[in-house]
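The values are calculated or read from the model by the stated rules, or taken from the named source; none is laboratory data. Computed from a predicted structure; not experimentally measured. A quick note on method: Cβ atoms are made from the backbone with ideal geometry, for glycine too, and the neighbour counts reach across all protein chains shown.
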Amino acid sequence: MNLTINNQKISLGLPENSTLLSLLRDELGLSGPKLGCGEGECGACMVLVDGRPQTSCNLPLWSVQDHQVTTLEGLGKAGQPHALQKVFIEENAGQCGYCLSGILVSASALLQQTPQPTRAQICEALDKHLCRCGAHERIIRAVERAAQA
Ligand code: FES
């Protein structure tokens, strides 16, 4: 099958019952998307599929054939961080950081579609993400600041 990951076209032959998260982490070594609940409930594994946030732990690999996938690694690079990543660091928005890559991916999709979101729109966009450290307020503030930048 063929798909594009972080703007790189790849071809592979993997079992159809593999998940996208398994491909990303186990085969390609992309550690941005995390395995949390494994059931599509926590958002730790969030990626963009054709620009839309999707949990990858429960997404069958066959379903992304010929689609474009973006992970945290596709948002920014060391030395060239995404605007959201800069502000998240400035706001100290992460605590343990486990949920952050998924949140950054969802927030980037929000700002792409809605450059000046309201607080309610930010909360709605991040509704699928669990942060067990309770850093929600700092996370929301960071997204608001990134939108203003
Ligand atoms: Fe995929 Fe929790 S690990 S939603």
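Taking the range 74-95, which residues are within 21 Å of Leu28 (Cα to Cα) and touching a residue at least 60 places away in the same chain (Cβ under 8 Å)? Within the range 74-95, just Gly74 meets the criteria.
Restricting attention to the range 113-149, the residues that are surrounded by 15 or more Cβ atoms within 10 Å (Cβ to Cβ) and within 15 Å of the chain's Cα centre (by Cα) add up to 9. Take the range 87-107 and flag every residue that is part of a helix (DSSP H, G or I) and surrounded by fewer than 20 Cβ atoms within 10 Å (Cβ to Cβ). Within the range 87-107, Ile89, Glu90 meet the criteria. For the range 60-76, the criterion of being surrounded by fewer than 23 Cβ atoms within 10 Å (Cβ to Cβ), touching a helix residue (DSSP H, G or I) at 6+ places or on another chain (Cβ under 7 Å) and among the charged types (D, E, K, R) is satisfied by no residue at all.
Among the conditions (1) part of a helix (DSSP H, G or I); (2) under 16 Å from Ala44 (Cβ atoms); (3) hydrophobic (A, V, I, L, M, F, W, C), Ala146 misses just one, which is (2). When the range 113-137 is filtered for residues that are at pLDDT below 95 and in a helix (DSSP H, G or I), the ones remaining, listed by number, are His136, Glu137.
Candidates in the range 1-27 are the residues that are in contact with a strand residue (DSSP E or B) (Cβ under 7 Å, 6 or more places away or on another chain) and without any contact (Cβ under 8 Å) to a residue 40 or more places away in the chain; of these, the one that is surrounded by the fewest Cβ atoms within 10 Å (Cβ to Cβ) is Ser11. In the range 58-73, the residues that are within 21 Å of Cys37 (Cα to Cα) and at pLDDT 95 or above never reach a residue that is assigned to a strand (DSSP E or B) and small (Gly, Ala, Ser) with C-beta atoms less than 7 angstrom apart, at least six apart or across chains. The listed residues are Leu84, Leu110, and the only one of them that is touching a Ser or Thr at 6+ places or on another chain (Cβ under 9 Å), of a type outside the set (Lys, Arg) and either in a helix (DSSP H, G or I) or surrounded by fewer than 21 Cβ atoms within 10 Å (Cβ to Cβ) (or both) turns out to be Leu84.
Condition check: modelled with pLDDT under 95, of a type in the set (S, T, N, Q) and under 27 Å from Asn7 (Cβ atoms). Does Gln80 satisfy that? Considered against the rule, which asks whether it is modelled with pLDDT under 95, of a type in the set (S, T, N, Q) and under 27 Å from Asn7 (Cβ atoms), Gln80 comes out as yes.
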